[in-house]
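The values are calculated or read from the model by the stated rules, or taken from the named source; none is laboratory data. All figures in this text were calculated on a predicted structure; none of them were measured in a lab. Virtual Cβ from ideal backbone geometry, glycine too; neighbours counted across all protein chains shown.
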Amino acid sequence: MTHHLRDSDLAMLREAGVSEPDIAHCVKVAEKALEIAERTGAPLDFELVGRGALFHDLGKARTHDIEHGKIGAELGARLGLPKPLLDIMEKHVRGGLTPEEAVELGLPVKDYTLRTLEERIVIYADRLVDIITDPNRIVSNELEAEERFEEILTTDVRYGKNALTLERYLGYHLEVQALIRDASNDRKPS
């Protein structure tokens, strides 16, 4: 089952002023998120996964700072994007902040917790793509990024950030990998 990214969505990112390197990152995250979603075998909204991943960094048209999630959601609302997409854009920073963390980072105080599996898959794919495309080539292939995810996040502060962020990302990793394992076991002939 192939899920295609819409040319009109890519055009929207360009028109909003997202740079080509950032668009390339978003496309890679969308492809990775859709591939992971497929592998989980879970009943998911694939359009939301693909478009959520594609638009997650829309705010980078204005800034690469921590508020790019909030700004992206504001831009997306003006473009008429649906609320579930805006939620992914707003909440993806640091994998879903608590209200207390939002205060510390100077963001609007609210709960940014990732409520849906679609949101968690997009955020997980985003972090995997950062590792896969790391300029220092810390992994040799995409599977290695998944296999060494925990080790990389715990040893590299660029990816783990802090204890709370690290705990969230590792939780998404364990959840998604368990779904993938269960789905592949279901496909094995008995």
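Here are the numbers for this structure:
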{"item": "Residue identified as surrounded by fewer than 19 Cβ atoms within 10 Å (Cβ to Cβ) and either without any contact (Cβ under 8 Å) to a residue 60 or more places away in the chain or not β-branched (Val, Ile, Thr) (or both) among 91, 110", "result": "110"}
{"item": "Filter pass, residue 125 being modelled with pLDDT of 95 or more and surrounded by fewer than 16 Cβ atoms within 10 Å (Cβ to Cβ)", "result": "no"}
{"item": "Given (1) surrounded by fewer than 13 Cβ atoms within 10 Å (Cβ to Cβ); (2) out of contact with any helix residue (DSSP H, G or I) (no Cβ under 8 Å at 6 or more places or on another chain); (3) of a type outside the set (S, T, N, Q); (4) in contact (Cβ under 8 Å) with a residue 12 or more places away in the chain, number of the condition residue 99 does not satisfy", "result": "(1)"}
{"item": "Criterion: on the phi < 0 side of the Ramachandran plot and at pLDDT 95 or above - qualifying residue of 14, 6", "result": "14"}
{"item": "Set 133, 155: member being out of contact with any Asp or Glu (no Cβ under 9 Å at 6 or more places or on another chain), polar (S, T, N, Q) and without any contact (Cβ under 8 Å) to a residue 12 or more places away in the chain", "result": "155"}
{"item": "Where residue 148 falls short, out of the listed (1) at pLDDT below 90; (2) surrounded by 14 or more Cβ atoms within 10 Å (Cβ to Cβ); (3) of a type in the set (D, E, K, R); (4) more than 16 Å from the chain's Cα centre (by Cα)", "result": "(1)"}
